[in-house]
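Before any comments, here is the structure.
The values are calculated or read from the model by the stated rules, or taken from the named source; none is laboratory data. None of these values were measured; they are calculated from a predicted model. FYI the Cβ positions are ideal-geometry reconstructions off the backbone, even for glycines, and counts take in every protein chain you see. Note: areas computed on protein heavy atoms with side chains; ligands, DNA, RNA excluded. Shrake-Rupley method; radii C 1.70, N 1.55, O 1.52, S 1.80 Å.
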Amino acid sequence: MSVGLKSSKLSCTPPKHGGDLAYWQRKVGDDALNWLDLSSACNREPWPIPDISPALWMDLPDQADLLDEAERYFARRPRAIGAGSQHIIESLPPMLLASQSSALLTVSQIVFVPRIGYQEHAFAWTKWGFEIAYYDSLEELLAQKWAVAVVIQPNNPTGEVASAEVLTQLIAYAEQQKAYLVVDEAFIDARPELSLLNHQTAEDLSEALFLMRSVGKFFGLAGARVGFVFCASKWRAAIKNLLGPWPVATPSLYLVQLAFADNDWQSHARQNLAVRQAAFVERVVPKFNTIFDSQEYVLNPLFVTWTLESDDYAAQVFEMLHQVGIHTRLGEGWIRVALPALHEMDALNSALIRLLKTAGGRELA
C-alpha cells in the first residue's frame, strides 16, 4: 500500500520533550522552583533582548528584512522561515508526499534516523505513515535503501559530527535513489565552520537536500520560535505554502534580525563558550565523573553528555541530582548537562560537593 492519509497515524502518542522543568515543578512543588536547570542545551548566556516598540505587536509579519540579514549571516538565502526548525520538520513529510515522488510512493517507504537523537524527526515521519529505521553510523546509510535519511549535525545528545565528505556522499547517494537527505543543524552555530552550507558552492542546492537552521540553541532564543530551511528552488513555493503566510510573529522576526546583525556578540559568545567549557572541564567534570561512575562523556560547546552503565543507574543518579537542586536531561542510559553560565559554576560545583558528601553520593561513588 502506498503511503498516504489512509495510513497516517496522526493520533499516535508524541515523544516526551527535554527536561520538562514545569512538570517537575508541578510534581515536586516549590523546592523545584530553585533548581539549577541544566536540562536544556540552549545557551545559558543568551543574546540579550533589548526593549522593543509596542508597535511590533500590532503589525502583520513581514519576513523581507530578516531574510536579507539571514542571507548575510548564512552566506546563502533561506528558502523559507518557520516557527522554529520544528515547524519545518513537521512540514517535510506532507510536502514530499504531495510531490508524488516515485521513491516515496512505492516500496521504498523507509526513513532512517539516528538511533539516539532528536525524537521529533522520527515522530514527524511516523505520523504520515512512513516506516522508521535506525542507524548507528552514517556509513550504514550508503548501503541501505531509503526514501529519506535524517542527519543531526552535530547530534544532540551524542555530539557526533559528520564530515563534509560523508555528507556529500550521502547527497549524491540520495540523488541516485531519488530519495531525500534532511540535515538538522540546530546546534551548528557555535561552530559555524562545520556547516554543510560551507561546502555547497552551486547557486541552487540539490533537489535531494533539505537543511535546517535554528536560533534556539547558540543564540538561546528558543522561545522566539524561528527556524530556516535551505533547499532547491523547486521546493520554495511548496514549503512556503505549507508553512503559511505568517508563521513567525513580528517581534520574533525583528529580534532575530538584530541578533544576526550583532557580530560582536556572536564573536564574544563563541569565545565565552570556550572559556566556560574549560572551566567546566577543570572544576566540574571530575565530580560528575565520580557521581556518574563514568568517564565516558562527549563535549559539545553547549552541552556535555555522559553515557552510564544502565537506564536504571542513570535514573537513580538523575534523582540524586534533584536532591541537591540540579536538573539535567535524562535519556536511555545517558545524562546530558547543559554548559552552565559562568555565574552558575560556583553553585553547581558546591551542589556536587554536597552530593558527594551525602550517604547517597558516597554510595554512587
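Select from the range 155-179 the residues that are within 23 Å of T126 (Cα to Cα) and open to solvent by less than 20 Å² (accessible area, probe 1.4 Å) and list them in ascending order. Result: N155, P157, L170, I171, A174, A179.
When you look at F187, is it over 25 Å from F74 (Cβ atoms) and either more than 18 Å from the chain's Cα centre (by Cα) or open to solvent by less than 40 Å² (accessible area, probe 1.4 Å) (or both), yes or no? In short, no.
Could you look through the range 59-81, keep only residues that are without any contact (Cβ under 8 Å) to a residue 24 or more places away in the chain and among the aliphatic types (A, V, I, L, M), and pick out the one that is most open to solvent (accessible area, probe 1.4 Å)? The selected residue is A64. The residue of the range 39-57 that is surrounded by the most Cβ atoms within 10 Å (Cβ to Cβ), among those that are free of Cβ contacts under 8 Å to residues at least 60 places away in the same chain and part of a loop (DSSP other than H, G, I, E, B), is S53. Scoring S294 on the criteria (1) over 20 Å from L352 (Cβ atoms); (2) polar (S, T, N, Q); (3) open to solvent by less than 60 Å² (accessible area, probe 1.4 Å) leaves a single failure, condition (1).
Scanning the range 333-351 for residues that are closer than 25 Å to F218 by Cα and open to solvent by 10 Å² or more (accessible area, probe 1.4 Å) gives W334, R336, L342, H343, E344, D346, A347, N349. When the criteria are applied in full, Y135 meets the requirement of being surrounded by fewer than 23 Cβ atoms within 10 Å (Cβ to Cβ), aromatic (F, W, Y), touching a Pro at 6+ places or on another chain (Cβ under 7 Å) and more than 21 Å from F303 (Cβ to Cβ).
Which of the residues that make up the range 24-38 are in a loop (DSSP other than H, G, I, E, B) and within 17 Å of H343 (Cα to Cα)? Result: W35, L38. Checking the structure you have, find out if any residue of the range 191-202 is modelled with pLDDT of 95 or more and crowded, with 24+ Cβ neighbours inside 10 Å. No, the range 191-202 contains no residue that is modelled with pLDDT of 95 or more and crowded, with 24+ Cβ neighbours inside 10 Å.
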